[in-house]
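Peer 1: Below are the C-alpha cells for one structure; questions will follow.
The values are calculated or read from the model by the stated rules, or taken from the named source; none is laboratory data. Just so we're clear, the structure is a prediction, and the values are computed from it rather than from any experiment. Glycine gets a Cβ as well: all are built from the backbone with ideal geometry, and neighbour counts include every protein chain shown. Surface areas here come from the heavy atoms of the whole protein model, side chains and all, with no ligands, DNA or RNA. Shrake-Rupley method; radii C 1.70, N 1.55, O 1.52, S 1.80 Å.
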Amino acid sequence: MKRGLLLALLLAPVAAQAGDYPFAYRPQTDRYRMVVSTPRSDQAQVRVDGRDVVVQLDRPLKEFDTESAVAKSNGWIESAQAGYDSVLFRSARPIETTVERKPGEIVITFVEAAAPPMETGASDRSELRLKTLEAQLTTREGAYDQAREKYEALRNDLPGDAEPTAGLAEVAEHQGHWREARDLYAEASRQAPLNEEVRDAHDRIESEHRSFVRFEAEWRKTDGGSPDAAGTANDQRYFGTHSTAEVQLTDQWRVGLNFDAARVKAAQVGVLSPDTRTVALNGWARRADAFLRYDDLAGGVGRIELYADGGAKSGQVPSLTSDPFDSFHGAARGGGLEWSEKLSFGRLVGRVEWHRPNWDFTEGLAQGGTRDRVLLSLEEARIRDVTGRAAIGFANYGLKGSSDPVSKPNLARSVVANLDLRTPFDWFGPSWSVGYAYDAEYVLKRKLATFNRPGTTQVAVDSVDPDTGEVTTNFIDVPTTTPEQFAPIPLVNREVHVLTLVYAHEFLDGARFDRSLLLEVAAGPGFDRYGRGGWLANSSISYARGPWRVAVRGGWVAKIGRNGDSVGTLGLSLMRQF
C-alpha cells in the first residue's frame, strides 16, 4: 500500500503535465480564448506576429499534444509546434489578439480581424519561427554544435533580431565560452533594449567574473550519540570563520586567497601520543590556501593551489593555539592541481590534492590533520530536467601533530563517492523540486595504534619479624600498563542516502540584478546503511543589492549516521563585489 502511494505521488506531476496542460481552450463563435495556467504569470512571455502567437513558459513543457490543440480550437488554430518551453500557434485566419494577465494564469483572446491586414512574407516569418523553436529545442537537448549552426543561420535571416543573438549567447555559455556569451548578450540587449531577461543574463555573467571579498561565519553544535571508533566524545562546540578574496586580473587569469580560523571546544578527543590517550580541546585551528586560476575561454579551466595550516609545532599535541592570528610556525604545507573541461552535459573535473589541511575529524583539528586525494567529478550536469553532480576518488589521511613519526603520514585510506540530483516537482508549482543525495566513504585501510594505559596492581609481600619469627603479608600497589589498540583517525564505512523536498523562490526580482531576495528550504529523511536513519532540514535566505550580498542559513541533522549524533548549524555570509 505504501509503495503504491509513493508511486502515485511520484507519477502525479508527470500525469498533471501530460496532454494539453497547462493550456485550456475556450472556443466561441466570434472569439477564441486560450488560458495558460502558470503560478508566475509575470515570468511567461507572449509574442504576436501576424497570425503567429508564441507562448514561452517559465518552465519546461513535460508533454504537449499539438494535435489536440488544433482539434479543440473549433477551426481557429491551423497548426501548433512545441519546443522545450515554448509553443507556436498559427491561426487559421487573420486575427487581433489581446493578452490579459491574472494571478496564476494568462488569458489570450483571438478575434477575427475586421480588416485583414496585408501579410507580406507571413509564410517566411512562420518558417523562421519554426526554425527558432527547433534551435531552442536543439539547445535543450545538449546538441550545442548543431544549435550554434541553426542560430548563426537565423542571425543571417533575421538581421537585427535579438532572439537568435540571445539564443547563440545561451549556446556559447553552455559550451563554457563565457566571454563570447557576455558579448553576444550585450549585442542582443542593444537590439532589444526593453528585454530585461537578456540584460539580466549579461549582468549575471559580469557578476560571476568580478573580483570580490567574502566573510563567512558558522556555529555548529554536536550533541548525543554513541562514542566513535576512537572513543571520542561527541559533545562538541565549533565556531569557524572563512575569509576569501579573489581578484580577476584579466579575462583569463584570476588569483585568490582563503583563510579559515575555527574555535573548537571538546571535553575529550583521542590523540596519537605515547603519553596520553585523550585530551581536552579549547583553542584555535587555522589554515590558509592561495590559488592561481587560468581560463582558456574555450571551456577549459586550470587551477594551481598552495596550502598551509597553523597551530603547534609538529609532534606537539594538541596542535592548537590561543590566538587565531598567530604566525604559521611549524605549518604543514601542500599543494593541489585541478583541470576541468566543459562538455555538452556538464563539466568534467579532475583534481589532485597533497597534504591539504583536513578538518573532517576533530582528531585532525587537534593534531593538524592532512588529506591527500585524487578526485574525478562531473559538475553542473544537466540531462533534460535533471541537474546534479557526481564524484568518485581516493583519499589518504595523516596527522601532522602526531608524535609517532612512522605512522602519521598514512593512517587511513578510503574510496569516496558522491551523487546529488535535483528535478522539478511541478505538482506543487515551479518553485518546488525533489532532491536526492548519496554520500559514501568506504575504508580500504586503517592503521591501529597502541596506547599503554597506566594502572596499578596489588602485589603481596611477606615480611618476617626477626624477634618472633611471625610472617606478615602486606599488599602494595605496583604501577602497570595495559596495551590498548585504537584508531588514530576514526574513519569508518559510511553510505548515507537522503531524499529532500526543496522549495526555492526568488522575491523582489529586479532588472539588472539591482536587488533580489532568495529563499530556499529543504527537508527530508535520510539513513546510513552502516548506521542509523533520521531527518534533516535546512534553510537559507539571501539578499542582494548592487555589489552587496548577504545570506543567513541554518540546518539540523537528527540521528543520521553510525553514531546517531544530532548536529545544529547557523551561518552568516557577507560579500562585496568590485
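Peer 1: Residue separation times 0.36 nm, minus the C-alpha to C-alpha distance between R101 and A267: what's the value?
Peer 2: Contour length minus the Cα-Cα distance gives 53.6 nm.
Peer 1: Kindly write out, for region 528-534 in residue order, the coupling ³J(HN,Hα) from the Karplus curve 6.51 cos²θ - 1.76 cosθ + 1.60 (θ = phi - 60°), rounded to whole Hz, with x marking Gly and Pro.
Peer 2: With the stated coefficients, region 528-534 comes to 9, 4, 9, x, 10, x, x Hz.
Peer 1: Of the cross-linked pairs K221/K400; K221/K342; K342/K445; K72/K150; K342/K559, which ones have a Cα-Cα span greater than 30 Å in the structure shown? Write down the numbers at each step before the final one.
Peer 2: Details: K221/K400 26 Å; K221/K342 39 Å; K342/K445 35 Å; K72/K150 32 Å; K342/K559 39 Å.
Distance filter (> 30 Å) returns K221/K342; K342/K445; K72/K150; K342/K559.
Peer 1: Using a 1.4 angstrom probe on heavy atoms only, work out the carbon and sulfur share of the accessible area of region 121-226 in %.
Peer 2: 46
Peer 1: I've got another one for you. Dipole magnitude of region 465-578 about its Cα centre, charges +1 at Lys/Arg Cβ and -1 at Asp/Glu Cβ only, in debye to the nearest 20?
Peer 2: Approximately 1420 debye in magnitude.
Peer 1: Further question on the same structure: Kindly report the accessible area of region 168-215 per residue (heavy atoms of protein chains, probe 1.4 Å, no ligands, DNA or RNA), in Å².
Peer 2: Averaged over the residues of region 168-215, the accessible area is 47 Å².
Peer 1: If you don't mind, another one. Report ³J(HN,Hα) in whole Hz for each residue of region 487-495, in order, from the Karplus equation J = 6.51 cos²θ - 1.76 cosθ + 1.60 where θ = phi - 60°; Gly and Pro get x.
Peer 2: Residue by residue, region 487-495 yields 9, x, 10, x, 7, 9, 4, 9, 8 Hz.
Peer 1: At 1.4 Å probe size, what's the solvent-accessible area of H174? Round to the nearest 10 Å².
Peer 2: Here the accessible area works out near 50 Å².
Peer 1: Using the Karplus curve 6.51 cos²θ - 1.76 cosθ + 1.60 with θ = phi - 60°, work out ³J(HN,Hα) for each residue of region 561-575 in order, rounded to whole Hz, and write x for Gly and Pro.
Peer 2: x, 5, 8, x, 5, 10, 10, x, 9, 9, x, 9, 9, 9, 10
Peer 1: So which GluC sites (Glu not before Pro) in region 468-503 are both in a DSSP loop and have at most 15 other Cβ atoms within 10 Å of their Cβ? Write down the numbers at each step before the final one.
Peer 2: Working: sites: E470, E484, E495; in loops: E470.
Taking region 468-503 and a limit of 15 other Cβ atoms within 10 Å, the loop GluC sites (Glu not before Pro) found are E470.
Peer 1: Next question. I'd like the accessible area for H202: 1.4 Å probe, protein heavy atoms, all chains in place, Å² to the nearest 10.
Peer 2: 40
Peer 1: Just by accessible area at a 1.4 angstrom probe, what is the order of F394, F259, F451 from largest to smallest?
Peer 2: Highest to lowest solvent-accessible surface, that is F394, F259, F451.
Peer 1: Still on this structure: Once the whole set of protein chains is in place, how much accessible area is left on V416, using a 1.4 Å probe, in Å² to the nearest 10?
Peer 2: Around 20 Å² of this residue is reachable by solvent.
Peer 1: Taking every eigenvalue of the Cα gyration tensor of region 420-510, multiplying by 5 and rooting it, what semi-axes result, largest first, whole Å?
Peer 2: 72, 16, 10
Peer 1: How much net charge surrounds Y438 when only the other residues with a Cβ under 9 Å from the Cβ of Y438 are counted, with Lys and Arg +1 and Asp and Glu -1?
Peer 2: -3
Peer 1: Let me ask you something else. Please give me, ordered by residue number, the chymotrypsin sites (Phe, Trp or Tyr not before Pro) of region 456-553 that lie in loop per DSSP and have at most 15 other Cβ atoms within 10 Å.
Peer 2: Sites meeting the loop and neighbour criteria: Y530.
Peer 1: Lys and Arg at +1, Asp and Glu at -1: add these up for the other residues within a Cβ distance under 12 Å of R576 and post the number.
Peer 2: Spelling it out: positives minus negatives among the neighbours equals +3.
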